[in-house]
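Every number here is computed from the coordinates shown, using simple stated rules; none is lab data. The structure displayed is predicted, hence computed values, not measured ones. Cβ coordinates were reconstructed from backbone atoms using ideal geometry, including for glycine residues, and neighbour counts include every protein chain displayed.
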Amino acid sequence: MIWTRTFTVMTNDSRATNQPRQPRVRVAQLTSPVSFRHLGLLLLAAALLVLVSALALRPSTARANGIGTIFVANERSNSVSVIEHVGNTVLANIPVGNAPRGIAFSRDGRFAFVANRNAGSLSLIDRDAYQTTATVRVGGTAEDVEAPIDATIAVVADGAGSQLTVVDSAGATIRTFATPARPTHVSTDRGARRTYVSMEGSESLAVFDAITGQSLGAISMGAVPSHVTLTRDGALAYVSLPASNAIAVVDAPAGRLLGLIPTGNGPAGSALTPDGAWLLVANSGSNNVVFVETAGRRVNGSVAVGQGPQGVAIGPDAGQFAYVANTGADTVSVIDIPKQLVAKTVQVGQGPIAIAVASVPGPGAPLQQPGNPGAAPGTAGAGGGVAGVATTGGTQAGGPGIVPQELPNTGNTAATAAEPAVPPYARTSLVVLAIGAFTGAGLLLLSTKKRLV
């Protein structure tokens, strides 16, 4: 709106003549400078507000990189807690089926498979949306699930059916094959060609080709085995023997027991550091985690954690931190591996029992493809990961066999380049900002003009 004021001014002609002065009427129309100035300042203020809002709402690369990488299955609260790796805080608690005991990520890290024991089902969680997208029936009781990194399948241990169920990436059953007894834990090599199965009441570790369903025999352990952790190349298997308070070292291809490592009361889940130098073992009976030197096959350090630790996983940080699910305490202990101490304790759901690490950093970061198995460490690690990968295969109760292929936690240039330079909503904000700025500036200029009629 433009306000105008009209004035009639009587003037006298003062020319130096002998004629009498005649009054002259001049009409001046002045534009009010106050209204234009106010309107211009208002538009400039609005444009500034749009700019500030756009900057405040723009996603942070550091926040997106590393979010949602730690997923914890809570058996008693029928949920999965999502922990972001930067500050180790809980982002979400996702409802799943009854009594989730196992969790593993798909090859691309986009979906988490959750084995719901009592429901006999598999829940598929969208990692980016933090919600369950599908629930499929896989048998009588889903005790555990494993997703090999070099295959597009997942293997589920069906305890009630005494069988293994192989599903595709959407959860659809491809095949089933019988096991000698009720399977409780499952772990596979990278291609699922050698799948190791612990069974209820059996002192043998059954071996299958999960692709064909063919039995490859059994390995005598001398005690009932539970969790199995494989080295990246699949050459060695570290098998928890809870009743023997020890970890068995097995030549996996040869199917031969190499020896025992005393660890503590009731060893459960375990995990290897990326360089394979340390095996972290959770002792559920003594409420601690011990550090096993794999070269010397001896314990060299321990740290107290919460009650009843079960699952163990290495974080996406080149072996800096480990995550331990304390089933009896409803917490997750974050362990600083080099310092051998608990850096933080995170409250999660009830009965946390299994932990998995997504193979990509989470929302906003690019997918990583498997690396060259022959590449040098620190570029594409042996076994196909990128720099700083961690092996957590079969380590936790219902543990996943994944090799996280993770970008560094924060400030990664690759993640920055992957994001659009100007997000769609920011482009709209910039257009509004330009229009408001030009209009406001124009009105301020017009406010100084005076038009005479």
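Some points to look at:
- Phi-based couplings in Hz for segment 320-327 (Karplus 6.51, -1.76, 1.60; Gly and Pro marked x): 7, 10, 10, 10, 10, 8, 9, 4
- Couplings 3J(HN,Hα) of segment 123-139, computed from phi: 9, 9, 10, 6, 4, 7, 8, 6, 8, 6, 9, 7, 9, 10, 7, 10, x Hz, in residue order, whole Hz [Karplus 6.51 cos²θ - 1.76 cosθ + 1.60, θ = phi - 60°; x for Gly and Pro].
- A cut-off of 5 Å between modelled amide H atoms, ignoring neighbours fewer than 5 places along the same chain, links G109 with S359.
- In this structure the amide hydrogen of A252, modeled in the peptide plane, comes within under 5 Å of the amide hydrogens of L236, A237, none closer than 5 places in sequence on its chain.
- Calculated P(r) tail over 15 Å for segment 302-349, as whole % of Cα pairs: 36 percent
- In this simple spin-label approximation, F177 and Q307 carry label points 7 Å from Cα along the Cα→Cβ vector, and these lie 4.3 nm apart.
- Formal net charge of residues neighbouring G191 (Cβ-Cβ distance under 13 Å; K, R +1; D, E -1): 0
- Chain lengthening between T345 and D209 when straightened (0.36 nm per residue, less Cα-Cα): 45.1 nm
- For E75, the residues 5 or more places off, or on other chains, whose built amide H falls under 5 Å of its own are I353.
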